[in-house]
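Q: Quick one: structure below, then a few questions.
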Amino acid sequence: MGRKLVIKSKVLKSKSCAFMKDIKKVFRKIESKLRGSSWFQDDWEIYNRGNYMQLYKVDWYNQNQGGVHFETYIETSQVKQKAFPICLHAENDCPSQVEFVQRFLEIEGRQIDKWKGYQRIGKGYSVCEKIIPLNFKNLEQRLLEEFNRLRRLELSIKCVLEAISNGK
């Protein structure tokens, strides 16, 4: 009995490692496609740690991955839950973080509410998120679509950050 558990555990770990390698490959493809998009200019940045990705603009205070950014990740707990998030965060490096989140949601909250599966959070650094079921069928395309949807918020993010920086 004990030997079967050990073998089964090794098989599960092996499958999990292979799955995580596949996720890293998917994230590399997504990064490549984002960089090749017509809207992706020099002022956009991508932080890709294999199974964790942020997309942001250079003026979003995210130089240390702690400002405003769109984020997704698929780590062990997401694999177990068979679901993962894609979200907009405004973390500690965002100037006047609480005010930013509040003002941003005043402008874009209704639009976010119209997007299927998205919910406003508005607490801490979480602005909004969508939980996506985890399967490999069209995973790459689904994530590209969601990043493209979120990037439509770019102008409002910029306006709120500028207003806060200018004391308005």
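Read-outs: derived from the displayed coordinates by stated rules, not from any lab. Just so you know, these numbers come straight off a predicted model, no measurement behind them. When we count neighbours, we look across all protein chains shown, and the Cβ atoms used for this are built from the backbone with ideal geometry, even at glycine.
Q: Of (i) 104; (ii) 127; (iii) 113, which is the value of volume of the Cα convex hull per residue in Å³ derived from the coordinates here?
A: Evaluating volume of the Cα convex hull per residue in Å³ on these atoms matches (ii).
Q: Name the most mobile residue of Ser38, Ser96, Ser156, meaning the one with the largest mean-square fluctuation, in a Gaussian network model of the chain with Cα contacts below 10 Å.
A: Maximum fluctuation in the GNM of the chain, among the listed residues, is at Ser38.
Q: Next question, about the same structure. Considering only DSSP states other than H, G, I, E and B, which GluC sites (Glu not before Pro) in the range 26-98 qualify as loop sites with at most 15 other Cβ atoms within 10 Å? Don't jump to the answer; show the numbers that get you there.
A: Details: sites: Glu31, Glu45, Glu71, Glu75, Glu91; in loops: Glu75, Glu91.
Taking the range 26-98 and a limit of 15 other Cβ atoms within 10 Å, the loop GluC sites (Glu not before Pro) found are Glu75.
Q: What's the angle, to the nearest 10 degrees (0 to 90), between helix 97-114's Cα axis and the longest principal axis of the chain?
A: The angle comes out near 70 degrees.
Q: Please give the charge dipole size of the chain, origin at the Cα centre, charges +1 on K and R Cβ atoms and -1 on D and E Cβ atoms. Round to the nearest 20 debye.
A: 1460
Q: Please identify the trypsin sites (Lys or Arg not before Pro) of the range 70-146 that satisfy two criteria: DSSP loop assignment and at most 11 other Cβ atoms within 10 Å. Which are they?
A: Lys82, Lys116, Lys137
Q: Another question about this same structure. Calculate how steeply helix 154-165 sits against the longest principal axis of the alpha-carbon atoms of the chain, using the helix alpha-carbon long axis, and give the answer as 0 to 90 degrees to the nearest 10.
A: Helix 154-165 sits roughly 60 degrees off the main axis of the chain.
Q: Let me ask something additional. Collect residues whose amide H, placed 1.01 Å from N in the peptide plane, falls under 5 Å from the amide H of Phe84; neighbours closer than 5 in sequence don't count.
A: Hits under the 5 Å cutoff: Ile132, Leu134.
Q: Sticking with this structure for a sec: Counting alpha carbon pairs within less than 8 Å and at least 6 residues apart, what relative contact order, in whole percent, applies to the chain?
A: In percent, rounded to a whole number, it is 18.
Q: Once fully extended, how much extra length lies between Ile131 and Glu75, figured as 0.36 nm per residue of separation less the alpha-carbon to alpha-carbon distance?
A: Computed gain between Ile131 and Glu75 is 18.8 nm.
Q: Could you tell me the distance between the Cα centroids of the range 112-162 and the range 63-105, to the nearest Å?
A: 10
Q: Mind giving me the FRET efficiency for Gln111 and Arg142? R0 is 22 Å, r the Cβ-Cβ distance, nearest 0.05 is fine.
A: Using R0 = 22 Å, I get an efficiency of 0.65.
Q: At most 12 other Cβ atoms within 10 Å plus a DSSP loop assignment makes a site exposed; report the longest stretch of the chain without any exposed chymotrypsin sites (Phe, Trp or Tyr not before Pro).
A: Here the longest run is 40-135.
Q: Each label point is 7 Å from the Cα along the Cα-to-Cβ direction; what then is the distance between the points at Glu31 and Cys159, in nm?
A: Using points 7 Å along Cα→Cβ, the separation is 3.3 nm.
Q: Rounding to the nearest 10 and keeping the result within 0 to 90°, find how far the Cα-based axis of helix 139-150 lies from the longest principal axis of the chain.
A: With rounding to tens, the tilt is 10 degrees.
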